[in-house]
Each structure stands twice: as structure tokens, then as C-alpha cells.
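Some notes on the structure that comes next.
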Amino acid sequence: MSDERPVSSTPLKVNPRGKFVGSRQKLMIVNLFKSKMIQQPTLKVKEVAMIISKELGIGKNTIQSTIAEYKNKKTVSSPNKSKIRATYKQKVDDFERDAIRRKVHEFWFRKQLPTLDKILTAVNEDPDLNTYKRSTLHLLIHDLNFVYVKRGRNSALIERDDIVLWRTKYIEDIRKYRAQRRTIYHRID
């Protein structure tokens, strides 16, 4: 009778799908890859990746991309955990900004006080424009250089005085140049 006991192996923990593989795990993959290639140099990279995948419980594609990263950069890195999200300023283009500005001016042309709720309703009802939340539209309107002023008991949305004066002077200059029959060039970005 031999004194050999059956070796019980614990079940392999598999890395959950979608969970990132850190730099320590990537170093383990690279070290295991190097040792497997030294032990069995006739194996192909895909075959070694399958063996490592079964041993470590990490997906074959992750193993292959880690090995490729190591071969290209001679180092491995941890993934970026935080997503870089675009701000509202980056999502809104000039067309959208001008359309929102026109919506505000339309209220003044109709002799109505433009409030944030009225503008929000008008912008969200327009099929050509994106829909906005109240807080995002508030930030966007502030970014368009509109300010709130108190008129009696109501607050109204107006453009800053310097912008109104600049626009008035611009229109007067254009009219003067047209009367003089001068050539007017417009810059297109």
C-alpha cells in the first residue's frame, strides 16, 4: 500500500467578464508566457495563450492583447478606470448655440419675458434641436452671455449690455459700408 493521497485541486476562479485586468495580473501573464515559451518553444502564441487562459482563468483575448502590448511597448500598464466624458460645452456645436440664442430673442420679439422654463419648453419642443435638462440649459444660457435681471417681481433673461452695444455698432458699421458701396468680406470658419 502506498501512502499517496489524492490531490484535491480547488476550482479555478475565473476573472469576471468586463472586469479589468490590472498591471500585476498582466505581469503574471507575461511571466507565464515567457516561461511557457522557454519550456516549449515549438508552440505557437495562440496555443500558449489558450494554455495560460485555462491556468489563470483569464480570457484568451485578454491574454493575447496583453502579450501584444508587451511585445510592442516592452511594458504593461493598468487600464484607465475613469471614463473621460464630454462636457455640455463640447457636446453643443455653434449651430445649436445660435438656435438657442434665437429662441431667447424670439420671446423679446413677441414682447414676452423669456424665463428659463419658457426657453426650456421652446427648445425641447423644437425637433431640430437636442433636448436639454433644466440645469444644462441654465449653464448653456449663462455660457451664451445672457444674464438674469429683476423687472418688478419677475426676472427676465437679457444679453449683457456690452454685447448689445457691440452688435448695434456692428450693424451700424455694415449699413454705413453698404451705403458707401464698399466690399464686405465675411470670415467663414
Degrees between helix 134-143 axis and first principal axis of the chain (Cα, 0 to 90, nearest 10): 60
Nearest 10 degrees, 0 to 90: helix 94-109 Cα axis against the chain principal axis: 30
Amide proton proximity set for VAL147, modelled H, under 5 Å, gap of 5+: ILE158, GLU159, ARG160
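For the chain, what is Rg from Cα atoms divided by 2.2 N^0.38 Å, rounded to two decimals?
Details: Rg = 32.5 Å, N = 189, 2.2 N^0.38 = 16.1 Å.
So the chain has a normalised radius of gyration of 2.01.
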Rounded tilt (10° steps) of 45-56 against the dominant C-alpha axis of the chain: 90
Loop-located trypsin sites (Lys or Arg not before Pro) in the stretch 96-125 whose Cβ has at most 13 other Cβ within 10 Å (DSSP): ARG110, LYS111
Solvent-accessible heavy-atom area per residue, rounded to whole Å², over the chain at 1.4 Å: 80
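As a test of reading the structure, rank ARG17, ARG167, ARG24 by solvent-accessible area (1.4 Å probe, protein chains only), most first.
Working: ARG17 240, ARG167 75, ARG24 200 Å².
Order by accessible area, largest first: ARG17, ARG24, ARG167.
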Pairwise label distance in nanometres, ALA68 with LYS83, each label 7 Å out on the Cα-Cβ vector: 2.3
Extended-chain gain in nm, criterion 0.36 nm per residue less alpha-carbon gap, HIS138 and ALA99: 12.5 nm
Span from the the stretch 60-92 Cα centroid across to the the stretch 97-140 one, whole angstrom: 39
Relative packing of peptides 121-128, 139-146 - highest average C-beta neighbours within 10 Å first: 139-146, 121-128
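The values are calculated or read from the model by the stated rules, or taken from the named source; none is laboratory data. Quantities reported herein were computed from a predicted structural model and do not represent experimental measurements. No Cβ is skipped: glycine too gets one built from the backbone with ideal geometry, and neighbour counts run over all protein chains shown. Keep in mind that these areas ignore ligands, DNA and RNA; they rest on the heavy atoms of the full protein, side chains included. Shrake-Rupley method; radii C 1.70, N 1.55, O 1.52, S 1.80 Å.
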